[in-house]
Amino acid sequence: MYQMISASNKDPGHVVHVVHARIINYTDIVPLKNLRANYYGKFVAVKGTVIRVSNVKPLCTKMAFECSTCSSTVTVVLPDGKYTLPTACSNHECKGRNFTPQRGSKLTETIDWQTIRIQEIVGDNQTESGRIPRTVDCEITYDLVDTCVPGDIVTICGVVKVSSVEKSHPGKGPKDNTIYTLYVNANSITNSKGKNTRKYKSKNLAIDADFTSEELEAIEEIQKEPDLFKLIVHS
């Protein structure tokens, strides 16, 4: 997919296409139990079951500010949506240091943002007694939002990043906190939902549903029963 944005502040009428490359089928899937600090800043693939999906929210990636002294406009790129004030006015002759955010400006850019939480898939041969299945949060943006729901099995490719854990310590402020948690900034999502399924359309009813091969075999077995009413009564 691509997005149309302004090429520069000097020529806001000029539009360029920004391509968001999505990497899929990344074979080296990292188990959640091995996702540690040594993966920070690296591109990884993780697989799990979606257990939580947040609402879609607007994330500001570029903010326009107005100088309180000369009314000049300054744009600041906000990496990862972190609010940052300008350090100097765009007018070199102005020494103003007070700026007012212009959220309604055409130079201010926002994108769709959402977080999901996936839980590791534990097989019978990987059971660890007394341990809760591990989870990891993932941030998704642009066209990736609303691509999965709780219960879906997904493979997510992205870069491992860290976010500060908000915990109160006596005599320490938020900037003094040195405890972080890992999360994945998603580049692509491969949803297993819909795979190995076939479309079933009724001849007499307007029904359009997805059934797995196992479900279709069970339906065929039920259809062979001579007394379906008795089967329904005992169901």
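The values are calculated or read from the model by the stated rules, or taken from the named source; none is laboratory data. Owing to the predicted nature of the structure, the values given are computational and were not obtained by experimental measurement. Reconstructed Cβ throughout: ideal geometry from the backbone, glycine too, with neighbour counts over all protein chains shown. Ligands, DNA and RNA are excluded from the accessible area calculation, which covers all protein heavy atoms including side chains. Shrake-Rupley method; radii C 1.70, N 1.55, O 1.52, S 1.80 Å.
Below, the figures for the structure above:
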item	result
Given LYS57/LYS193; LYS47/LYS161; LYS161/LYS193; LYS47/LYS82; LYS57/LYS106; LYS42/LYS193, the pairs whose alpha carbons are separated by over 21 Å	LYS57/LYS193; LYS161/LYS193; LYS47/LYS82; LYS42/LYS193
Karplus (6.51, -1.76, 1.60) ³J(HN,Hα), θ = phi - 60°, over segment 102-109, in Hz, Gly and Pro reported as x	10, 5, x, 6, 5, 7, 7, 10
Highest average packing first - 76-87, 182-193, Cβ atoms within 10 Å	182-193, 76-87
Accessible-area ranking of TYR180, TYR39, largest first, probe 1.4 Å	TYR180, TYR39
